[in-house]
1. Provide a single number: the residues in region 91-124 that are out of contact with any strand residue (DSSP E or B) (no Cβ under 8 Å at 6 or more places or on another chain) and either more than 30 Å from residue 22 (Cα to Cα) or at pLDDT below 90 (or both).
2. Please state which of the following conditions residue 65 fails to meet, knowing it meets all the rest: (1) closer than 30 Å to residue 207 by Cβ; (2) surrounded by fewer than 20 Cβ atoms within 10 Å (Cβ to Cβ).
3. Scanning region 152-168 for residues that are more than 14 Å from residue 7 (Cβ to Cβ) and at pLDDT 75 or above, which turns out surrounded by the most Cβ atoms within 10 Å (Cβ to Cβ)?
4. Take the residues in region 229-256 that are loosely packed, with under 13 Cβ neighbours inside 10 Å and modelled with pLDDT under 85; name whichever of them is nearest to residue 87 (Cα to Cα).
5. When residues of region 61-83 are filtered for being in a helix (DSSP H, G or I) and either charged (D, E, K, R) or more than 24 Å from residue 11 (Cα to Cα) (or both), how many remain?
6. Within region 4-60, can you find the residues that are in a helix (DSSP H, G or I), small (Gly, Ala, Ser) and modelled with pLDDT of 85 or more?
7. Taking region 172-204 only, how many residues are closer than 19 Å to residue 118 by Cα and surrounded by fewer than 20 Cβ atoms within 10 Å (Cβ to Cβ)?
8. Looking at region 128-146, can you tell me whether even one residue there is hydrophobic (A, V, I, L, M, F, W, C), within 21 Å of residue 199 (Cβ to Cβ) and at pLDDT 90 or above?
Amino acid sequence: MSPERNTLSSEQRQRFAALILLDRIVTDAGAFHAALLEERDDAFLEPTFRYLQQEDLAEVGEDDHFQPTARGREVYRKLLRLRQSYLAHFEIFARVDLETGEFADPEMPYDAPRWDDLRVAICQYKGIDPFRVAFLAMLSDETFFEDREWKFDLALGSNFFAELDEIVGGQISVGDLAYETESGESISGESVIEDVILQGATLNREYWERERGKQESFLEEPFDNGDAAEAASGDGETYDPWEAMEYYAGSAQYVEPIWLEELW
């Protein structure tokens with residue numbers, strides 16, 4: 001049976017805020033001066049910067065700007081891999097028609113009303129933290145950093161975290177998927193989600209087989225933009241989602257190990 005839904009903890013909020021700021025430090029080198037109080041907006045980030053330093057993820061460089069530590073670069077490399085894995089293996093479950101068993105075309109406009117979002121149910125079944133998936137989905141939105149208010153979203157009680165909590169709490173759970181057939185047979189939510197997972201993973205693999213080059217470019221562009229990925233990994237390593245396609249399509253319970261590990 002799927003676990004009960006939880007609320008976002010203070011520790012999770014702090015870690016997610018740290019990951020957002022670490023992302024900015026790596027991708028926008030020299031953007032944050034140590035004398036944060038000189039800039040009102042940046043001063044608002046000081047608690048998160050202190051946390052990054054405490055966790056040995058960021059430090060003040062010789063130019064008095066924050067920069068990632070070796071540990072911070074490794075954490076960022078893992079974050080890139082998670083983002084790319086999310087897009088490759090989990091995004092397809094954001095829009096599923098439970099009545100017909102159809103999955104939305106990845107290029108279809110996102111606001112069509114017929115689809116159900118099963119990402120939280122997928123997480124519950126696979127034993128993945130649903131908040132991590134919801135966080136990656138929100139952070140994957142290319143407009144996130146275009147909003148000048150994103151720095152204020154790092155406050156632990158901000159609307160960003162309230163929305164994250166609401167998204168996870170409001171989505172379909174495994175138990176919600178149980179139903180009774182016309183003949184009176186009871187179908188468990190676990191049976192439904194297993195079928196959905198295998199169908200989605202198979203469609204993913206087929207889609208990638210047809211469009212692999214196009215999709216690899218799509219996945220790398222938002223997050224792995226050359227210098228940032230190389231700075232994070234030290235060797236320019238990129239994530240190849242094709243390696244895990246067969247495993248995801250072969251077992252409903254399969255999940256890449258990185259999803260079950262702490263980033264630091």
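1. Qualifying residue count, region 91-124: 12.
2. Single failed check for residue 65: (1).
3. Among them, the one singled out is 160.
4. 236
5. 7
6. 10, 17, 18
7. Summing the residues that are closer than 19 Å to residue 118 by Cα and surrounded by fewer than 20 Cβ atoms within 10 Å (Cβ to Cβ) in region 172-204 gives 16.
8. yes
The values are calculated or read from the model by the stated rules, or taken from the named source; none is laboratory data. The model shown is predicted, which means the values in this text are computed figures rather than measured ones. Glycine gets a Cβ as well: all are built from the backbone with ideal geometry, and neighbour counts include every protein chain shown.
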